[in-house]
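Structure first, then comments.
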Amino acid sequence: MDYMEPALSLARLALGQVSPNPAVGAVIVKNDKVVGQGYTQPPDSPHAEVVALKQAGERAQSSVMYVTLEPCCYHGRTPPCTQAIITAGITEVHLAMLDPNPLVSGRGKEELEGKGIRTYVGEHEAEAKQINEAYTKFITTGMPFITAKFAISLDGKIATNSGDSKWISCQAARKQVHNLRYTTDAVMAGINTVLVDDPHLTARSCGGRGGTARVQPLRVIVDSKGRTPLTARVFSEPGKTLLALARFVKPEEKKAFAQAGAELLELPSEGGLVDLRKLLKALGEREITSVLVEGGGILIGSLFDGGLVDKVIAFIAPIIIGGKEAKTAVGGKGVDKVVDSLKLERVSVEKLGEDLMVSGYVSAKPQKQE
């Protein structure tokens, strides 16, 4: 039996709950029987390996562990998992991937081997890396992983000439958006999206996450001039809302926004607009490891222009909207030649109801013709 598969499934259960820690799953097997399993708990709580070891108890002696990420070998918020594995008497450990954290990065594997524990690396490595793609970027760069998400018609529109956009995507696609919000640290939108759509930007109906403030993603509104209405829905929803501004805010404005429930982040401007790179750096300093950008076209286009997008998720509905004034998903400067277009790699396509969900990763460099 492939015991790494259930370990990966366990790891996915931790997504959206354990940041800035990685989402990890662990399975302990003895005599072809699972005797312990677990996944990473919220920060300051046990890691996957410790949860699985506690469930296994004495049965962990002379058993085999399958874990989706190399066990930590340093004392952070919790004691090192390598010591717990050694003490429990595990004789063999299968690692889907090594930990990219410079504090670990092969040292955990070496410590286990130094105590006579056999280790194997690489089973389902691609799946494990995808689960922790945000953690990997954050732990190696200090910057959050950026996903640009949008819903478009077959002719590439995100709204009609009048600005109506409800609903381009089908119910199944909208449900998937809530799943995406559930597994991300922050949801970002531009001021025009707030003014036109007055969105909630919350994760709803997702695995019990519900409406509690503790588990909602941080809402980030990019509002260079501070035009967000005090009555906007984002202020009345559970969780926190951060306004990123590119101007000095008067004391009376700060008081009004604070009373509405907003936290303000005053940033240097770039041509009168929020410096997005500095915004993302500030979010990284808050240990935000992943950001789901939900529009609009100006914000997403600016992020693409700045080379700040890591992943794209597009929901394509089989409808035609038309209209030369109808808005498209990506604004900004764009490119002058098709050959200079940003290219997606590792592209996948999934059918959700009547819609298609196309996802892929932005190539490091534009593809040039020979």
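The values are calculated or read from the model by the stated rules, or taken from the named source; none is laboratory data. None of the values given here were measured: they were computed from a predicted structure. Counting neighbours? That spans all protein chains shown, and the Cβs are built from the backbone with ideal geometry, glycine included. Calculation scope for accessible area: heavy atoms of the full protein, side chains included, ligands and nucleic acids excluded. Shrake-Rupley method; radii C 1.70, N 1.55, O 1.52, S 1.80 Å.
When the accessible area of segment 278-334 is computed with all protein chains present and a 1.4 Å probe, what percentage of it is carbon and sulfur?
Roughly 54 percent of what the probe reaches on segment 278-334 is carbon or sulfur.
What is the distance in Å between the Cα centres of segment 92-145 and segment 1-80?
Answer, in whole Å: 13.
At a 1.4 Å probe radius, carbon and sulfur cover how many percent of the accessible area of segment 95-171? Please list the in-between numbers first.
Working: 1950 of 3750 Å².
Of all accessible area on segment 95-171, carbon and sulfur atoms account for 52 percent.
Within a Cβ distance under 15 Å of Glu350, other residues only, what is the Lys/Arg minus Asp/Glu net charge?
Numbers: positive: Lys149, Arg174, Lys175, Lys311, Arg346, Lys351; negative: Glu354, Asp355.
Within the 15 Å Cβ shell, the charges total +4.
For Glu325, Glu350, Glu58, Glu133, give the ranking by accessible area with the largest first, probe 1.4 Å.
The ranking, largest first, comes out as Glu58, Glu325, Glu350, Glu133.
Once amide H atoms are built 1.01 Å from N in the peptide plane, which residues 5 or more positions from Val220, or in another chain, come under 5 Å H to H?
Val187, Met188, Ala189, Leu242
Specify which labelled value, from [x] 22.2; [y] 23.2; [z] 24.7, agrees with Kirkwood radius over Cα pairs in Å derived from the coordinates of the model shown.
This structure yields the entry labelled [x].
Taking segment 278-339, how many lysine pairs are there with alpha carbons less than 20 Å apart, if each pair must be eight or more places apart or span two chains?
5
Could you give me the ³J(HN,Hα) list for segment 64-77, computed from phi with Karplus coefficients 6.51, -1.76, 1.60 and θ = phi - 60°, whole Hz, x at Gly and Pro?
Values per residue, Gly and Pro as x: 10, 10, 10, 9, 7, 9, 3, x, 5, 10, 9, 8, x, 5 Hz.
Just add up the charged neighbours of Glu70: K/R +1, D/E -1, any other residue whose Cβ is under 13 Å from the Cβ of Glu70.
-4
Which whole-number percent gives the relative contact order of segment 257-330, counting Cα pairs below 8 Å spaced six or more residues apart? Please report the intermediate quantities before stating the final value.
On the way: 27 pairs, mean separation 19.7, N = 74.
Averaging sequence separation for qualifying contacts and normalising by length gives 27 percent for segment 257-330.
Take every DSSP beta bridge whose two residues both sit in the chain, then give the antiparallel share in percent to the nearest 5.
Counting DSSP beta bridges with both partners in the chain, the antiparallel share is about 40 percent.
Keeping all protein chains in position, work out how much accessible area Ser162 exposes to a 1.4 Å probe, and write it in Å² to the nearest 10.
The value for Ser162 is about 100 Å².
Which value, in Å², gives the accessible area per residue of the chain when a 1.4 Å probe is used on the protein heavy atoms?
In whole numbers, the chain has 49 Å² accessible per residue.
If I ignore ligands, DNA and RNA and count only protein heavy atoms, how much of Met143 is accessible to a 1.4 Å probe, in Å² to the nearest 10?
Surface open to solvent at Met143 totals about 40 Å².
Shape of segment 11-97 from its Cα gyration tensor (a ≥ b ≥ c, root eigenvalues): rounded if a/c is under 1.5, otherwise prolate when a/b > b/c, or oblate?
Prolate.
With a ≥ b ≥ c taken as the square roots of the eigenvalues of the C-alpha gyration tensor of segment 241-283, please select rounded if a/c is under 1.5 and otherwise prolate if a/b is larger than b/c or oblate if it is not?
oblate
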